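The values are calculated or read from the model by the stated rules, or taken from the named source; none is laboratory data. As the structure is a prediction and not an experimental result, all values here were calculated from the model. Glycine gets a Cβ as well: all are built from the backbone with ideal geometry, and neighbour counts include every protein chain shown. To get the accessible areas, we keep the full protein, side chains included, count just its heavy atoms, and leave off ligands, DNA and RNA. Shrake-Rupley method; radii C 1.70, N 1.55, O 1.52, S 1.80 Å.
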Amino acid sequence: MKKKMLLLNTTVLLGLGGVLSTPAYASTIQDMESQKSQIQNQRQDVQSNIKAASDELTRLQAEQDQMKAQLERLTLAEEENNKKAEKTEADIKETSKQVEQLEKEIKLLQEKLEKRNDILKDRARSMQESGGNVEYLQVLLGSSSFGDFVDRALAVSTIVDADRGILTETKNMQDELKTKQADVKSKLASLEDMKAELDEMTVQLAAQKKQKDALAKELKDKEAKNEELKASLQSKDSSLANEQSTLEQNIKDQKAAEEAARKAAEKAAKEAAKKAAEQAQKAAAAPAEKADSSSAKAEAPKASSNDVAPTSAPAPKASNVVTVGNRWIGNSAYVFGGGRSQSDINHGLFDCSSFVHWAYSQVGVNLGPLGSVSTETLKHAGTQVSSSQMQPGDLVFFDTYKKDGHVGIYVGGGKFIGAQSSTGVAIANMSSGYWKQKFNGRVVRI
């Protein structure tokens, strides 16, 4: 009987073990977990691409904003230079009128001078030749006494001296007008040179604006394509997220079904064991023996994860008179007379002398009142040194529309930084080409 009971209990336990193992469920869940892992990997790739697209959009938008600001600067510079060109043209017309008026006055004085000179010649000749105009001689010979003769002689001398004085005064006036005319002509030439440079700057600014407009359009097209790519990636990520969510729910449902089946099988096994024990007890008609049954409990492994915090290090920043102006490269425009107000500086509008003044002010050096700074004031601001002894930080001068018409800061290696009419603030080469031809050798050390 005992052998019979042992065989029955062994059969029940083997049946319970077969039910609890559920190899079909484990295989299904494993497949779904594998599929879920693949989807997660795909999502990681897609999300990485989305981040790259977002970073690129941020970069493009920042570049677009920078381009927009530069276009605004160029437009403002164009307006200011056009105003300056209009005023210069008006000054040219006014100065031309002054030249014409001076030429007329000089001509009239020349005619008066020639007439007075002819009169004096005639009077002098009449005192030496007969039959001519003898006004002076008649005056002298018509005297009634010696005293009268002296008086008349003094009168004639006074008249002659007066004529000579008038002649000298007329000649002096003529010379003064010629000097004034030369000054006005020089001013006119300078104005005409300035007008030519302003016209050239207008052309250059228009070309820069056209180039910037084309680049801005290109950036806008790239931005649109990147937006489209980002939207496509986000759509794909959303689709993968839905698949992942569905799989997770299926896995959850499958595990719940497996757990319910396991519990049901465990319950059925316990009831079968109990029933078998009761039947065995009745059959043996002996005291009931209680059989202990045990079930194995599986513990699910627990996953652990470690978080890694990102680190960052600040970048160092340098500042001196040679490099302090680098911030304006590509972010400024040239304006005659610009840079002399905080509004101009905030908008990156400079001319050559105001940029030099600003750069030195950033390192604590005052080069005089901002409102009156010019290439003329700067060339007397420090010590003149030989161009062979030139070193970074020295001021270098160029003959453009006039002598010492342009100034910059030497940065070394045959280059200088300055506000150039064609580019705004930029580093230019003075070892060859245009600036080498214009460099006049003047170097000032502050």
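From the list Asp394, Asp404, which residue is without any contact (Cβ under 8 Å) to a residue 60 or more places away in the chain, open to solvent by less than 30 Å² (accessible area, probe 1.4 Å), more than 24 Å from Ala85 (Cα to Cα) and of a type in the set (Asp, Glu)?
Working: Asp404 fails: more than 24 Å from Ala85 (Cα to Cα).
Result: Asp394 is the single residue among Asp394, Asp404 that is without any contact (Cβ under 8 Å) to a residue 60 or more places away in the chain, open to solvent by less than 30 Å² (accessible area, probe 1.4 Å), more than 24 Å from Ala85 (Cα to Cα) and of a type in the set (Asp, Glu).
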Checklist outcome for this item: Checked pairs for segment 215-234, first over 12 Å from Thr58 (Cα atoms) and of a type outside the set (Lys, Arg), second at pLDDT 85 or above and open to solvent by 70 Å² or more (accessible area, probe 1.4 Å), C-beta under 9 Å and 6 or more apart or across chains, list as Leu229/Asn49; Leu233/Gln47; Leu233/Asn49
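Determine which member of the set Glu176, Glu243 is in contact (Cβ under 8 Å) with a residue 12 or more places away in the chain, more than 30 Å from Asn82 (Cα to Cα) and surrounded by 12 or more Cβ atoms within 10 Å (Cβ to Cβ). Walk me through it before giving the result.
Details: Glu176 fails: in contact (Cβ under 8 Å) with a residue 12 or more places away in the chain.
So the residue among Glu176, Glu243 that is in contact (Cβ under 8 Å) with a residue 12 or more places away in the chain, more than 30 Å from Asn82 (Cα to Cα) and surrounded by 12 or more Cβ atoms within 10 Å (Cβ to Cβ) is Glu243.
Scan Gly330, Gly339 and give me the residue that is open to solvent by less than 10 Å² (accessible area, probe 1.4 Å), assigned to a loop (DSSP other than H, G, I, E, B), at pLDDT below 95 and over 21 Å from Arg445 (Cβ atoms).
Selected residue: Gly339, the only one of Gly330, Gly339 that is open to solvent by less than 10 Å² (accessible area, probe 1.4 Å), assigned to a loop (DSSP other than H, G, I, E, B), at pLDDT below 95 and over 21 Å from Arg445 (Cβ atoms).
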Checklist outcome for this item: Of the residues in segment 61-88, those that are under 25 Å from Gly337 (Cα atoms), surrounded by 15 or more Cβ atoms within 10 Å (Cβ to Cβ) and acidic (Asp, Glu) number 2
Checklist entry - Out of the residues in segment 189-214 that are of a type outside the set (Val, Ile, Thr) and either free of Cβ contacts under 8 Å to residues at least 24 places away in the same chain or not in a helix (DSSP H, G or I) (or both), which is most open to solvent (accessible area, probe 1.4 Å)? => result Lys210
Checklist entry - In segment 403-446, what residues are under 23 Å from Phe336 (Cβ atoms) and β-branched (Val, Ile, Thr)? => result Val407, Ile409, Ile417, Thr423, Val425, Ile427, Val444
